[in-house]
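Notes for the one structure printed next.
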C-alpha cells in the first residue's frame, strides 16, 4: 500500500507535465526555433534541479522535497499561464517553463527514491516497472487532456486550466504520504561520485531514449496525421480532428511502454537485469529502423507507429531494468542522490531532443516527420555504439553468458 502511495505524486505531476508539453509547443511565441527553445527549457532545467533534489531528499527527507517542488511548480505554472495571456515573449516563456522543469525534478526524484526505499532486490524490478508505468501512463493522460483542452480553448485558457488543476491537486496526496528516508545520515557526496560503475555504461542508451521523447514532444507543432492516412484511420481523423488524434497516438504509445515496463520489470527480477536490458536495446533499434522504413515507403504517421508497436513494446524493457540495477547497487545513504541520475539524464535527453526537433523543423521544411525519425535512429545508433564500448571495458557483456 505504501509503495502504491509513493507513485501518487508522480501521477499527479506527470498529468500536468503531459498537458503542459502539448500546450507549450502549441502556444509558444515565435517560430520553429523559438518553440524548440521554450520547450527545451523545461527538461534542461529539470536536469539541473535533479542534482539538487536528489541530495536534498537524502538530507531533508523525501516528503519535504516533494512538497517544496509542488508549491513552487504550481506558482510557476500559473505565472506561465499569465505570460501566455499578456505577453508574446519566448524568453519569458522559456524562463518560466524552465522553473517548472526545475521543480518537477524535486517531485520526480523524491517519488522515485521513495519507491526504491519501499522495494527489495527480489521485487525491485517490478517496483521500478510500476513507477515507469505510472510515469509514462500519467504523462500520456496529460498529453491527451492537453490536446482535448486545446480543441475547447485554442488559446492560453487551456494552459490556465491545467495550472489551476495542478495547484489544487497538491493537498490530495500530501495528507497521506509517509516519509521513507533512511535514518542513517548522508555524508557530503555528489551524484557522479556515488553512481554504481555498471550504471555508467547504461546511461548512453537512457540518454538516447529520452532524446527520442524530446523529439516526439515537438511533433504536435508539425505533425499532419492526415498525410498518408487511409481507410479507418482517415475516418477517425475526420471525426476527432487532428489535435485529438495526436493526443490519442501519444497516449497509446506511452500506455504500451508503461504496460511493458511492468511486464519486463518483473522479468528482470526473474531473468536478470542485463538480459532484459539487452532485449529492450535490440527492440528499440529494430523499432526505429521499421519506423523509418514505413515513413520512407509513404505510410502515414499513424500507420507507421501502429506497424512498429510490437517492437516498441520490447523497448519498454530498458527503463525498469536500468532503474532496478541502479537501485540494487546504490548505497542506501545516498539513494536519493543516485536516483537523481534518472532526472538528470531524462532532462538532458528531452531538452536536447526538443532543441534538435526545432532545428530539424526549421531546416527541413516539408519533411519534418521524416527528419525527426531519421534523427531518432541516428542518436540511438550512436549511443548504442558508445554503450557497447563502455560495456566491453567493464565486462558487462561477459555477465550475459
### Message
If I take every Cα pair under 8 Å that is 6 or more residues apart in the chain, average their sequence separation and divide by the length, what percent do I get for the relative contact order?
### Response
29 percent
### Task
Treat each spin label as a single point 7 Å out from the Cα along the C-beta direction, and report the residue 52 to residue 381 distance in nm.
4.0 nm
#### Entry: Percentage of interatomic Cα-Cα distances in the range 8-58 larger than 16 Å
54 percent
### Message
Could you tell me how far the Cα centroid of the range 326-401 sits from the Cα centroid of the range 105-130, in Å?
### Response
20 Å
### Task
Quickly work out the residue 88-to-residue 393 label distance, labels modelled 7 Å from Cα along the C-beta direction, and quote it in nm with one decimal.
5.0 nm
#### Entry: Cα shape, the chain, gyration tensor, a/c 1.5 rule
oblate
### Task
Provide the FRET efficiency to the nearest 0.05 for the residue 364-residue 157 pair, computing r from the beta carbons and using R0 = 35 Å.
0.60
### Task
Highest first, please rank the peptides 88-98, 335-345 by the mean number of other Cβ atoms sitting within 10 Å of their residues.
335-345, 88-98
### Task
Determine one quarter of the surface area of the Cα convex hull of the range 89-135, which equals its mean projected area, and express it in nm² to one decimal.
3.7 nm²
### Query
Using only the Cα atoms, what convex hull volume per residue in Å³ does the range 1-119 have?
88 Å³
### Relative contact order (percent, whole number), the range 264-401, Cα cutoff 8 Å, 6+ residue spacing
28 percent
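Values quoted throughout were computed directly from the atomic coordinates according to the rules given, and no laboratory measurement underlies them. None of these values were measured; they are calculated from a predicted model. We place every Cβ from the backbone using ideal geometry, glycine too, and count neighbours over all the protein chains shown.
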